[in-house]
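Structure, as structure tokens:
The values are calculated or read from the model by the stated rules, or taken from the named source; none is laboratory data. What you are looking at is a predicted structure, and each value in this text was computed from that prediction instead of being measured. Because the Cβ atoms are built from the backbone with ideal geometry, glycine has one as well, and the counts that use them run over all protein chains shown. SASA here: full protein model, heavy atoms, side chains in, ligands and nucleic acids out. Shrake-Rupley method; radii C 1.70, N 1.55, O 1.52, S 1.80 Å.
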There are 2 protein chains.
Amino acid sequence: MSSAVQPDGARTQAYRRIRSDIAAGALVPGSWVREGPLADTLGVSRTPVREALNALAAEGLVEIVRHRGARVSSWTRRDVDEVYSLRALLEGEGARLAAERADAPVTATLHEHEHAFADAAADLSRLRAVGQDAGPALDSAVEANRALHAAVMRAADSPRLESLLASVSSTPLVALAFGHYADADLARSVAGHHDLVLGIEHRDAALAESAMRSHILGARHAAARSATDA
Amino acid sequence: MSSAVQPDGARTQAYRRIRSDIAAGALVPGSWVREGPLADTLGVSRTPVREALNALAAEGLVEIVRHRGARVSSWTRRDVDEVYSLRALLEGEGARLAAERADAPVTATLHEHEHAFADAAADLSRLRAVGQDAGPALDSAVEANRALHAAVMRAADSPRLESLLASVSSTPLVALAFGHYADADLARSVAGHHDLVLGIEHRDAALAESAMRSHILGARHAAARSATDA
DNA sequence: GAGGCGCGGATCGTATGCGTTCCGGCGCCG
DNA sequence: CGGCGCCGGAACGCATACGATCCGCGCCTC
């Protein structure tokens with residue numbers, strides 16, 4: 001009846017909805033996510049909702065207890081540290097690979113890294129602009145940041161690495177962290193990204209990996225500030 | 001009618017079955033896994049089978065195409081390399097953490113690393129024994145190897161790292177690789193594990209990480225020999 | 001008054017049914 | 001003779017139905 005009939009299935013719809021509700025804070029950690037009510041809200045049946053919950057459980061966003069249901073995962077300080085350590089490890093590796101492979105079509109299935117990195121440079125420019133404007137367009141900074149990281153992973157050209165990273169980055173903490181970004185943090189972030197792009201463009205794997213690692217490990221502290229629960 | 005009525009749900013049953021069938025080679029890469037027939041074979045309905053397939057898809061063991069079904073993933077040489085690189089990265093990190101945390105109860109939720117590592121030493125002994133006997137008890141070596149790696153990850157005390165590792169180790173390649181182990185490989189493996197345990201027991205993070213990395217990166221070549229498809 | 005026990009309600013886990021989508025083969029047309 | 005469109009069959013995606021399991025609460029016993 002609407003405009004779009006079936007862009008994607010009901011399952012994906014449920015998945016996105018629950019995910020965004022968690023990220024937005026509408027679903028607080030520890031609260032239960034009932035299948036029935038959610039199905040009614042979305043206008044679908046319990047089956048796709050159930051599958052979406054299983055997918056979210058696989059990513060660690062919710063915990064499922066047999067015959068009890070699914071509840072939103074709680075994040076302790078230690079969990080946050082763990083996630084950021086792993087992100088540093090994985091994204092560092094991604095940056096290293098990106099630097100090594102930049103415009104060096106060694107293996108098959110590679111297309112146009114250089115082109116992909118033109119985008120990355122554009123993202124960096126956007127970040128810089130926001131850094132100067134300071135403040136208002138923070139959403140834009142978040143988006144530029146996300147795009148830059150995505151460009152790096154694309155250049156790394158390692159689907160499984162990307163998948164692993166998604167498993168730990170899916171957390172709403174990444175978004176929440178930005179809410180606690182001080183201006184100094186933002187400046188440091190921009191500078192870090194500068195080194196990162198520099199390292200990749202000059203095929204300096206050590207610089208790229210190191211810059212990415214410090215970028216993430218630095219962000220960890222900003223994130224830690226937003227971890228309130230035990 | 002059997003003995004056990006409900007040890008665990010039908011979903012887990014289906015999951016294990018499909019997984020082992022893939023590992024055993026009963027399901028060859030590229031072939032389709034139909035929901036209906038499998039449900040009949042297992043004596044359950046399509047629903048739990050379907051959920052099991054989704055779980056396996058999340059781990060990358062099968063690929064699901066909408067309205068077509070699930071088929072066993074094919075492994076190219078490049079996929080194998082990628083998996084082993086990631087294992088080296090993750091297990092290396094695990095070894096590093098294990099060495100850093102060995103008998104140093106800094107954070108909460110740590111119990112008895114030292115005790116956990118008594119087990120690890122025992123596993124190492126078993127590996128050594130097999131190394132000397134050479135040949136016959138290769139299954140025992142596989143098991144000892146698995147136990148040792150598990151002990152390291154336990155000592156690393158990082159649930160998410162463990163989960164990520166499972167995502168890439170789930171592959172049947174790990175088991176297959178041992179089938180192509182030459183005696184020299186086995187000896188190298190034992191020596192590598194020796195350094196690994198040494199590094200952890202002496203809290204030498206660099207040694208532990210390095211030993212684990214070379215152990216895995218070495219095993220990659222043995223695994224590469226068993227990768228036949230394009 | 002405190003603790004154990006049984007009952008009712010709610011929710012999940014699985015089974016089954018129906019509509020939709022896609023593939024493979026056959027006939028028609030250029 | 002080759003390419004294109006239609007049609008039948010099969011499998012999936014989702015909806016719905018039913019039985020199993022667990023929690024909360026009131027009652028009974030000590």
> Which condition does A:Thr76 not pass, out of (1) within 14 Å of DNA strand D (Cβ to nearest atom); (2) at pLDDT below 95, if it passes all the others?
Replying inline: (1)
> Any idea which of (1) modelled with pLDDT of 85 or more; (2) open to solvent by less than 20 Å² (accessible area, probe 1.4 Å); (3) farther than 27 Å from B:Leu56 by Cα is the one B:Gly192 doesn't satisfy?
Replying inline: (1)
> Say we look at region A:25-38 and pick out the residues that are assigned to a helix (DSSP H, G or I) and in contact (Cβ under 8 Å) with a residue 24 or more places away in the chain; which of these is farthest from DNA strand C (Cβ to nearest atom)?
Replying inline: A:Leu38
> What pairs can you find where one residue is in region A:150-161 and within 10 Å of another protein chain (Cβ to nearest Cβ), the other is modelled with pLDDT under 90 and open to solvent by less than 10 Å² (accessible area, probe 1.4 Å), and their Cβ atoms are less than 9 Å apart, with a gap of 6+ or different chains?
Replying inline: A:Arg160/B:Val168
>> Let me spell it out: the conditions are (1) away from every other protein chain (no Cβ under 14 Å); (2) in a helix (DSSP H, G or I); (3) within 15 Å of DNA strand C (Cβ to nearest atom), and A:Thr12 meets all of them except one. Which number is the exception?
In response: (1)
> Applying the selection to region A:11-38, what residues are open to solvent by 70 Å² or more (accessible area, probe 1.4 Å) and closer than 20 Å to A:Arg68 by Cβ?
Replying inline: A:Val28, A:Pro29, A:Trp32, A:Arg34, A:Pro37
> Across region A:49-73, what is the total count of residues that are within 10 Å of DNA strand D (Cβ to nearest atom) and within 11 Å of chain B (Cβ to nearest Cβ)?
Replying inline: 5
> Given the conditions (1) at pLDDT 65 or above; (2) more than 30 Å from B:Gly30 (Cβ to Cβ); (3) surrounded by fewer than 16 Cβ atoms within 10 Å (Cβ to Cβ), and given that B:Asp183 satisfies all but one, which numbered condition is not satisfied?
Replying inline: (1)
>> Show me the helices (runs of 4 or more DSSP H) entirely contained within region A:133-180 in which 2 or more residues are modelled with pLDDT of 80 or more and among the basic types (Lys, Arg).
In response: A:138-156
> Which residues, taken from region B:59-94, are part of a strand (DSSP E or B) and either within 15 Å of B:Ser210 (Cα to Cα) or charged (D, E, K, R) (or both)?
Replying inline: B:Glu63, B:Arg71
>> under 23 Å from the mean Cα position of the chain (by Cα) and either of a type in the set (Val, Ile, Thr) or crowded, with 16+ Cβ neighbours inside 10 Å (or both): which single residue out of B:Val72, B:Val44, B:Val65 fits that description?
In response: B:Val72
